[in-house]
Every structure is written in structure tokens, then in C-alpha cells.
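Student: Sharing a structure here in C-alpha cells format.
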Amino acid sequence: MRRIVAALVIALVAAGCATTPRKSAQGEAPKKPSYYSDDGPPDAIPDNLASTPNAVPRDEPFHRYANRPYTVFGHTYVPVVNKETYRQRGIASWYGKKFQGQKTASGEPYDMFAMTAAHPTLPIPSYARVTNVKTGQWVVVRINDRGPFHSNRVIDLSYAAAARIGVAGPGSALVDVERVFESPEPRSEAAAVLSPAAQIAVETPVVVEEAAGLWLQLGAFSSRDGAESFRDHATRELSWNHEPVQVTPRDGLYRVRLGPYRNREEALAIADKVRETLGFAPTLINR
């Protein structure tokens, strides 16, 4: 969760994109819990941290200075300045209270409780969905800073984003980073999908075995409205799917699911396609 000392990037500061990399000059690996001794989580965690909304992708002009090539530790980085898709897998880390309020590469003050992140080359500003490969938890962040400059790390998350997907505790985790763009859907529909309430309620896809066959469960909601909103979104996104996405009440929840399927192999094949399309990591459960 680092940025290196500002002296190493004085040229960037002069150019107006004052990234403040925070990695030590010796480049030593951080000790557990994977943040430096002078950094760490906030002294007090806001009660509403879990409800911090995802960043909502918007079509913003690229920063005038923060996307220029720059050199750190002898390595030159050339930021991408386009609107093309981008996917990457690697280790995510996070940075915290030491940098609270300091200027990011965009010139905006760092807010550890906002859904933001630092990336070496993605445009500033741009947006990315970051998914914890192990758990399937994901968050949408706005890229407004540069870093990390660790050879084995691909993105630095804000504390809020790291906490949302289970990275804050261990300090780092394997993630998928996928660039996302402004949705062509009306804002009200997009907000329903990206809202924290929807995310918290949505489970990863599971295969539910019943007498009538196998079902692929996409999510479970406490309210019918939330389930139907997600069903509508899933129906649009899963354009390759020819089966109806169903909402079924069960055990006090409204479950969004696909099926039934004739056998487990068929259900697993669909689960893989759902993961690729929606970004959820399928978890298979028999019951």
C-alpha cells in the first residue's frame, strides 16, 4: 500500500501530476499485516463504511497532466490514453491513514473512505471492477492515483474498497482488474445494480439440486423489488442465455436463478459463462 517518496518523482510534480509514491527507497517487502509501520487502517472506522456506494462509471475527460509517461525506480510507465477494454490479474494491496488528505496524481485529496484506487497505467480518471479471485467479492473503483510500484502488485485500493472485498484484513489478495465504462442504461437502473444494498444481498452463483433438476442461483434478496431489479439486469447482460431468469421465494428470501438443467455438467458450463459475463465467481453447493 505504498507510494514512493515524492522526491523520486519531482519531475511529475513539476508537470502537475504529483503522484506521491510511498514505497521505501530500499524496496523492502512490507511485514505482515502488509502495510508499512507508519501506515495502516483508520483509528476509527465509520459505522456506515459497509454502505459506501461503488464508484459509478462516467465519461470524464482524461487529466491533462496525470497521463504523461513517468519514471519510478528506473522503470518508465506509459499510461494508457484510450477507451479500450483492459483486464489484468495480479496482487492488490491498499493504502491508508498515512496518506489521508494528501494529493493524488489527479490532484484530488486522497480519501481512504471513498471507492478509489491507484494504478500504474490505467487512465486518470477511469473506472475498474476489482474482484477478489478467492471469494468472488467485487467493487467498482475510480482510478485517480498512480501506484503501486511493487513489481508483484497491480493495484492499490483505498481502505474502503479493500475492506469491501476482503483485502484490508490480510493486506493483499489475488484480484482480477477489469476496466468498466459508463452504462448506456438509465441512471436509475444502473444505480440499482451497483448500489451497496444490491451487492451485499447478491450471492455468488450456486447450483441448487432439487427433485425437478439443477438450478443455477445468481443471487438472493430480502425484498422482491431488489430481486426483480437484479433479474432484469441479469436478463439484459446474459444476452446469450435462452432460458428465463426466474425469481423464486424460498426461506424468506427471493432467489434469482436459472434452470432447471438436466445434469451437473450442463449447470457448471452455464455457471462459467455467468462468471465471465457478470464477474461473479461461481460456488457450487449441493442441497
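The values are calculated or read from the model by the stated rules, or taken from the named source; none is laboratory data. These numbers were taken from a predicted model, which means no experiment stands behind them. Ideal geometry is used to build each Cβ from the backbone, glycine not excepted, and the neighbour counts take in all protein chains shown.
Student: Mind checking which residues of the range 101-113 are in contact with a strand residue (DSSP E or B) (Cβ under 8 Å, 6 or more places away or on another chain) and not acidic (D, E)?
Tutor: Residues of the range 101-113 that are in contact with a strand residue (DSSP E or B) (Cβ under 8 Å, 6 or more places away or on another chain), as a first pass: 101-106, 108-110.
Those that are in contact with a strand residue (DSSP E or B) (Cβ under 8 Å, 6 or more places away or on another chain) and not acidic (D, E): G101, Q102, K103, T104, A105, S106, P109, Y110.
Student: Which of the numbered conditions does R255 fail, given that it passes all the others? Conditions: (1) farther than 30 Å from N82 by Cβ; (2) surrounded by 20 or more Cβ atoms within 10 Å (Cβ to Cβ); (3) out of contact with any strand residue (DSSP E or B) (no Cβ under 6 Å at 6 or more places or on another chain); (4) at pLDDT 75 or above.
Tutor: (3)
Student: Report, by residue number, each residue of the range 92-117 that is part of a strand (DSSP E or B) and surrounded by 22 or more Cβ atoms within 10 Å (Cβ to Cβ).
Tutor: Applying the first criterion (part of a strand (DSSP E or B)) to the range 92-117 yields 92-94, 103, 109, 116-117.
The answer is A92, S93, W94, T116, A117.
Student: Is it true that some residue in the range 74-84 is assigned by TED's automatic domain parsing to the domain that holds T116, at pLDDT 90 or above, in contact with a helix residue (DSSP H, G or I) (Cβ under 8 Å, 6 or more places away or on another chain) and over 22 Å from V180 (Cβ atoms)?
Tutor: Scanning the range 74-84, I find no residue that is assigned by TED's automatic domain parsing to the domain that holds T116, at pLDDT 90 or above, in contact with a helix residue (DSSP H, G or I) (Cβ under 8 Å, 6 or more places away or on another chain) and over 22 Å from V180 (Cβ atoms), so the answer is no.
Student: Output the residues belonging to the range 224-234 that are in contact with a strand residue (DSSP E or B) (Cβ under 7 Å, 6 or more places away or on another chain) and either free of Cβ contacts under 8 Å to residues at least 12 places away in the same chain or not basic (K, R) (or both). Break it down into steps so the answer makes sense when it comes.
Tutor: First, the residues of the range 224-234 that are in contact with a strand residue (DSSP E or B) (Cβ under 7 Å, 6 or more places away or on another chain): 224, 227-228, 230-231, 234.
Once the filter is applied, which keeps residues that are in contact with a strand residue (DSSP E or B) (Cβ under 7 Å, 6 or more places away or on another chain) and either free of Cβ contacts under 8 Å to residues at least 12 places away in the same chain or not basic (K, R) (or both), the range 224-234 yields A227, E228, F230, A234.
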